[in-house]
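Coordinate-derived values only; no laboratory data. Given the structure is predicted, the values throughout are model-derived calculations rather than measurements. Here Cβ is always computed from backbone atoms with ideal geometry, including for glycine, and neighbour counts include all displayed protein chains.
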Amino acid sequence: MTSTQPKEDEVKALIVVDMQEDFCPPGGALPVPGGRQLVDTINELLQNDTFIIKIASKDAHPAQHISFADTHAPPNNRPYRSTITIQNPENPEESFQSMLWPKHCVEGTWGAEFVEGLHVHRFHHIVKKGTDEKVEMYSAFGSPFRNPPIGDTGLTTILRNAGITDVYVVGLAADYCVNHTALDAVKAGFRTHVVVDATEFVDQSHMAPVYQAWGQAGIGFLTMK
Ligand code: VGL
Ligand code: ZN
């Protein structure tokens, strides 16, 4: 992995996004194809001590979360199909369309656990997101860059306090939580990289537009091979 050799001025953090049972087939409620196969690759990264801090995010929803299809009435509640309008509770004029999902990562359930075999003892910090019933939160940073900011998970502070210059983002899913986390890392002022063979997409058709958005944001791509 030559491209992750530290440059002289580089202080590196690894952010492992949502490596949880519900995102991993077989068995997960919101399976991301290939998700479980990332465990070995991510464990290898977790052994790499050029990352001075290693952070996991966890999707941690209440049982009636706004993103769950069965929280809403039919017919417009089809998982992976229907979208809902979510308002920013702190700014009612701001709203956006958000996808409905099968119920997943409910706090306290098996599906919210880290995926089996992941070397969780390597994590220095674990940040939870999506804990507010009314707020969808794809980014491990929360949504601190919205105006007004909502749901800061404290990740920016953790990284700044550690003197981090460069963040490396891996995990699930590339088109949702990895994507938003990487874009927010750029906004927070970190040089940002995605290890593309340590992430997987929910929907393969998102790969080209997401890669393009990453390129435009100045996000670096690297592979383990
Ligand atoms: C995620 C959909 C819903 C993710 C979380 O971790 O990418 N995707 N909740
Ligand atoms: Zn979720």
* To do: At a Cα cut-off below 19 Å, give the aspartates and glutamates reachable from Lys129, other chains included and same-chain residues fewer than 8 away excluded.
  => Asp18, Glu21, Asp22, Asp59, Glu90, Glu107, Glu113, Asp152, Asp175, Asp184
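How big is segment 109-214 by the Kirkwood estimate over distinct Cα pairs, in Å?
On the way: mean 1/r = 0.0676 Å⁻¹.
That comes to 14.8 Å for segment 109-214.
How large is Rg over Rh for segment 74-155, taking Rg from the Cα atoms and Rh as the Kirkwood inverse mean of 1/r across Cα pairs?
1.02
Please report, in whole Å³, the volume per residue of the convex hull around the C-alpha atoms of segment 96-136. Please report the intermediate quantities before stating the final value.
Working: hull volume 4.6 nm³, N = 41.
Dividing the Cα hull volume of segment 96-136 by its residue count gives 112 Å³.
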* For segment 134-176, list log₁₀ I(q)/I(0) at each q in 0.18, 0.20, 0.30, 0.33 Å⁻¹, using the Debye formula over Cα point scatterers of equal strength and ignoring solvent, two decimals each. => -0.63, -0.76, -1.12, -1.14
* **Part-to-part distance (alpha-carbon centres) for segment 78-95 and segment 19-73, which is given in Å** => 23
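Hey, any idea what Rg/Rh is for the chain, computing Rh the Kirkwood way over Cα pairs?
On the way: Rg = 16.7 Å, Rh = 17.7 Å.
Value, to two decimals: 0.95.
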* To do: Mind ranking 204-213, 186-195 by how tightly packed they are, going by the mean number of other C-beta atoms within 10 angstrom, highest first?
  => 186-195, 204-213
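What FRET efficiency do you get for Asn43 and Asn76 if R0 is 25 Å and r is their Cβ-Cβ distance, rounded to the nearest 0.05? Mind showing how you got there, number by number?
Values: r = 41 Å, r/R0 = 1.63.
After rounding, the FRET efficiency stands at 0.05.
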* **Potential lengthening between Asn161 and Tyr211 on full extension [0.36 nm per residue; Cα-Cα distance subtracted]** => 15.0 nm
* **Entries of Lys12/Lys54; Lys54/Lys128; Lys58/Lys103; Lys187/Lys225; Lys58/Lys225; Lys134/Lys187 with Cα pairs more than 18 Å apart** => Lys187/Lys225; Lys58/Lys225; Lys134/Lys187
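So what is the orientation-averaged projected area of segment 1-124, using the convex hull of its C-alpha atoms, in nm²? Don't skip to the answer; put the middle values down first.
Working: hull surface 41.9 nm².
Computing the convex hull of the Cα atoms and averaging its projections yields 10.5 nm².
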